[in-house]
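**Student:** Please find one structure pasted underneath; my questions will follow.
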Amino acid sequence: MKENFWIDELDNIEPDASYNQLLSNLTKNELNEMRKLWDFHGISQLNKAELIQELIKRIADNLESWIQYLGSEQTEFLKEIIMQCERYSGAYIEVNEFTFHIAEYFQARGVVFLGQNQETAFFLIPEKLRSKIKAILNKKSIKKQIRLNDSYIKYAVGSAVYYGVLTPELLYNSLERFLTPEWRIDPLDVVVEYGEFSVLAYSAGPFFVLGAVEDASDILIERESRSDLDYYIPSKKEVENAYQKGHPSWNLAQRRFKKKLISDYKLPDEEAEKVLFSFYLMINNNISTAEIIRILAENFGIDIFEEKDELIKLINDFHNNTKQWILKGYSPAELNRG
């Protein structure tokens, strides 16, 4: 999406805007949502001006208790904004769907504000917060915690690739299998906070859900119906690869299908890889084989009637050998082999 679309939707922000001015631009309802997110009590009945003053004080006082739940992806974004604010009185970063989502996450906490200045997207951290955030991020204890949080996030995302939805129990089991969690900070709180920030996954109460999941409740119901089936236990390497790629490593059946796309249908390697990933997600979201074949024909211009039987066999093999969220991380072929 073009940046100009985003800019047209943004309010003007002056580089020297005070924290009070930035919060005053928000509605009373938005300020109350900010209060709830921080879990600040005893100030819900204040008028807008009084609420702003309390938020300014309490957010500054509680920054460290929040930052200790963040990973490096979140904190590096804060560092970049602070650095640019110090050099240019604000951060001029291209706004796209990804950065807009990040901005919404930080603005909901009243830490980073996104607007426009001179018809350019403009990020600003109030001066009152900048030096305090920098000091917190320079603490050895915080640096250590952020590194540990990164490990929690990596193994949570990698495990979610296999299960689609991580319940708290699945999350703790996965982390304890590969790490030694330090329980001063609950890993679940770290992962849930990351779900609020990331486009890879999202949080739904205590559940950590892969962003590609279309119906988390359906996955949970299907897994409950298989109470006699234990969860597939991926190795540490499998989870790390899944975190990097966004899917389990392709098996022989999936690689054969990719080879067919490249050799017979002349798809470039990168395009064939996109087809595989799309099919993997469709299968996990319970799209039928017939629908997958239709999409293959319409979206990728492939003549399904040419070598129809062989193509359908390859697609069926692909389906049967794809690890599925509703099957607790197993493929149908693995379950059939017992």
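**Student:** Which Cα, out of 276, 46, 146, lies furthest along the positive dipole direction of the chain (beta carbon charges, K/R +1, D/E -1)?
**Tutor:** Selected residue: 146.
**Student:** Report the full-extension gain for the segment residue 79 to residue 252: residue separation times 0.36 nm, less the Cα-Cα distance, to one decimal in nm. Walk me through the numbers before you get to the answer.
**Tutor:** On the way: separation 173, 0.36 × 173 = 62.28 nm, distance 4.36 nm.
Gain on stretching residue 79 to residue 252: 57.9 nm.
**Student:** Considering the chain as a Gaussian network with a 10 Å cut-off on Cα pairs, which listed residue, 172, 88, 243, attains the greatest mean-square fluctuation?
**Tutor:** 88
**Student:** Among 164, 42, 71, which one moves the most in a GNM of the chain with springs linking Cα atoms closer than 10 Å?
**Tutor:** 42
**Student:** With a cap of 16 neighbouring Cβ atoms within 10 Å, and only residues DSSP puts in a loop, list the GluC sites (Glu not before Pro) found in the range 135-195. Walk me through the numbers on the way to the answer.
**Tutor:** Values: sites: 169, 176, 182, 193; in loops: 182.
Taking the range 135-195 and a limit of 16 other Cβ atoms within 10 Å, the loop GluC sites (Glu not before Pro) found are 182.
**Student:** Then there's this: Considering only Cα-Cα distances, which of the following residue pairs are longer than 29 Å: 237/266; 79/154; 237/274; 36/323; 36/237?
**Tutor:** Values: 237/266 32 Å; 79/154 21 Å; 237/274 23 Å; 36/323 39 Å; 36/237 39 Å.
In this structure, 237/266; 36/323; 36/237 lie more than 29 Å apart at Cα.
**Student:** Let me ask something else about it. Using only Cα atoms, locate the centre of the range 4-36 and the centre of the range 318-338, then give the distance between them in Å, rounded to an integer.
**Tutor:** Cα centres, the range 4-36 to the range 318-338: 48 Å.
**Student:** Provide the gained length on full extension for the span residue 44 to residue 309, in nm with one decimal, where the gain is 0.36 nm per separating residue minus the Cα-Cα distance. Don't skip to the answer; put the middle values down first.
**Tutor:** Values: separation 265, 0.36 × 265 = 95.40 nm, distance 6.59 nm.
Here the answer is 88.8 nm.
**Student:** Oh, and also: Once you charge only the Cβ atoms, +1 for Lys and Arg and -1 for Asp and Glu, what is the size of the charge dipole of the range 7-138 about its Cα centre, to the nearest 20 debye? Can you show the working numbers first?
**Tutor:** Details: 13 positive and 21 negative charges, 133 e Å.
Value, rounded to 20: 640 debye.
**Student:** Treating each Cα of the chain as an identical point scatterer and ignoring solvent, apply the Debye formula and state log10 I(q)/I(0) at q = 0.12, 0.14 Å⁻¹.
**Tutor:** -0.96, -1.13
**Student:** What residue among 94, 119, 14 shows peak mean-square fluctuation when the chain is described by a Gaussian network model with Cα springs under 10 Å?
**Tutor:** 119
**Student:** If you wrap a convex hull around the C-alpha atoms of the range 52-182 and split its volume per residue, what is the figure in Å³? Let's see the in-between values first.
**Tutor:** Values: hull volume 17.1 nm³, N = 131.
So the per-residue Cα hull volume is 131 Å³.
**Student:** Follow-up. Any idea of residue 99's accessible area? Nearest 10 Å², probe 1.4 Å.
**Tutor:** Around 10 Å² of this residue is reachable by solvent.
**Student:** Highest first, please rank the peptides 104-117, 317-330 by the mean number of other Cβ atoms sitting within 10 Å of their residues. Intermediate values should be presented prior to the final figure.
**Tutor:** On the way: 104-117: 19.2, 317-330: 21.5.
Packing order, densest peptide first, comes out as 317-330, 104-117.
**Student:** Of all the accessible heavy-atom surface of the chain, with the other protein chains kept in place and a 1.4 Å probe, what percent is carbon and sulfur? Show your work: numbers first, answer last.
**Tutor:** Details: 8150 of 17230 Å².
Carbon and sulfur atoms account for 47 percent of the accessible area of the chain.
**Student:** So what is the calculated 222 nm ellipticity per residue for the chain, using -39500 (n - 2.57) for each DSSP H run with n of 4 or more, over all residues, to the nearest 500 deg cm²/dmol? Don't jump to the answer; show the numbers that get you there.
**Tutor:** On the way: 17 runs with 206 residues, N = 338.
After summing the helix terms and dividing by residue count, I get -19000 deg cm²/dmol.
The values are calculated or read from the model by the stated rules, or taken from the named source; none is laboratory data. Computed from a prediction, not measured in an experiment: that's the story for all the values here. Because the Cβ atoms are built from the backbone with ideal geometry, glycine has one as well, and the counts that use them run over all protein chains shown. Side chains are part of the model used for accessible areas, which takes the heavy atoms of the whole protein and leaves out ligands, DNA and RNA. Shrake-Rupley method; radii C 1.70, N 1.55, O 1.52, S 1.80 Å.
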